[in-house]
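The values are calculated or read from the model by the stated rules, or taken from the named source; none is laboratory data. As the structure is a prediction and not an experimental result, all values here were calculated from the model. Heads up, the Cβs are rebuilt from the backbone with ideal geometry, glycines too, and the neighbour counts pull from every protein chain shown.
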Amino acid sequence: MINLHYLKLLKELKHKHEHLNGEAIETKFLHLLSLKMPDVGFEQLPYNPQWPQWFAREKRCLVELGNTLKLEEVQHIGSTSIPSMCSKNIIDIAAKTPFEPDDIHVQSALAKLGYTFFGRSPIHTQCCWYWKVESRKCYILHVAHHSLPCFSEAILFRDYLKSNQEQITRYQKFKNQAIASSSDMLSYSVRKIDIYCDILNDAKRWLKTAKH
């Protein structure tokens with residue numbers, strides 16, 4: 001059962017937004033409440049120029065050692081992919097494969113690279129996430145079937161922020177406020193939906209303008 005606090009947040013979100021990444025806001029919200037993840041905390045750190053370097057090394061490892069998965073479109077997403085943005089020490093990676101993301105073959109291949117399967121990803125219910133937890137940092141690999149456009153909005157969000165320092169400042173300020181009023185990662189993630197949708201709508205308008 002959803003507690004009253006989350007129910008209030010859901011009502012506020014539904015009043016402002018209908019969809020996120022092709023899914024109804026209510027579906028996205030309930031999906032977040034059911035997420036499985038390791039307990040890694042959610043302390044925000046100043047931007048670290050090593051983050052893109054960590055991604056590049058991990059990408060090489062995934063593509064070279066995990067080549068049985070035929071990974072495609074391996075991209076750095078999330079806050080660590082945006083210069084000057086504060087973030088947790090977590091490198092989010094999006095990748096596509098011709099296999100179903102929860103296939104036992106995928107789970108086995110990624111386990112050999114240190115990744116643990118944690119079910120459906122918060123990005124989309126048809127996408128799965130795998131965590132590699134290290135002493136200094138974590139990697140999260142979000143995997144989708146190559147026929148699905150699961151990552152298009154996450155990539156647009158990243159590209160828009162990278163081009164707009166004002167929006168980076170706006171998003172960072174909101175994240176700091178959300179952390180201050182959140183007791184765990186789940187509560188923090190739920191609170192971010194509103195600002196994420198607002199900025200994503202701006203990003204879609206930006207993309208239309210850029211095409212003309």
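Quickly run through the range 185-212 and pick out the residues that are among the charged types (D, E, K, R), surrounded by fewer than 16 Cβ atoms within 10 Å (Cβ to Cβ) and in contact with a Leu (Cβ under 8 Å, 6 or more places away or on another chain). Selection gives LYS204 alone. Residues in the range 144-154 that are buried (at least 16 other Cβ atoms within 10 Å of the Cβ) and assigned to a helix (DSSP H, G or I) were compared, and the one that is nearest to the chain's Cα centre (by Cα) is ALA154.
Do any residues in the range 158-184 that are over 17 Å from GLN44 (Cβ atoms) have Cβ atoms under 7 Å from those of residues that are outside any helix (DSSP H, G or I), where the two are at least six apart or on different chains, and which pairs are they? If the second residue must be outside any helix (DSSP H, G or I), the pairs left are ARG158/ILE77; ARG158/ILE82; LYS162/ILE82; LYS162/PRO83. Only one of the listed residues (GLN107, GLN167, GLN126) is closer than 25 Å to ASP39 by Cα, assigned to a helix (DSSP H, G or I) and not acidic (Asp, Glu). That residue is GLN107. Looking only at the range 110-119, residues that are surrounded by fewer than 18 Cβ atoms within 10 Å (Cβ to Cβ) and part of a strand (DSSP E or B) come to 3 in all.
Just the residues that are at pLDDT 95 or above and touching a helix residue (DSSP H, G or I) at 6+ places or on another chain (Cβ under 6 Å), please, taken from the range 76-96. Within the range 76-96, HIS76, ILE77, THR80, SER81, ILE82, ILE91 meet the criteria. Here LEU30, LEU65 are screened, and the one residue that is more than 20 Å from ALA154 (Cα to Cα) and either surrounded by 13 or more Cβ atoms within 10 Å (Cβ to Cβ) or modelled with pLDDT under 95 (or both) is LEU65. Total residues in the range 31-82 satisfying the condition of being of a type in the set (A, V, I, L, M), in contact (Cβ under 8 Å) with a residue 24 or more places away in the chain and not in a strand (DSSP E or B): the figure is 10. Residues in the range 1-15 that are surrounded by 12 or more Cβ atoms within 10 Å (Cβ to Cβ) and either in a loop (DSSP other than H, G, I, E, B) or at pLDDT 75 or above (or both): ILE2 alone. Scanning the range 170-212 for residues that are among the hydroxyl-bearing types (Ser, Thr, Tyr) and not in a helix (DSSP H, G or I) turns up SER181, SER182, SER183.
Residue selection: LEU141 fails the criterion of being modelled with pLDDT of 90 or more, part of a loop (DSSP other than H, G, I, E, B), under 21 Å from LYS36 (Cβ atoms) and of a type in the set (A, V, I, L, M, F, W, C). Exactly one residue among SER34, SER108 is polar (S, T, N, Q) and within 17 Å of VAL190 (Cα to Cα), and that residue is SER34.
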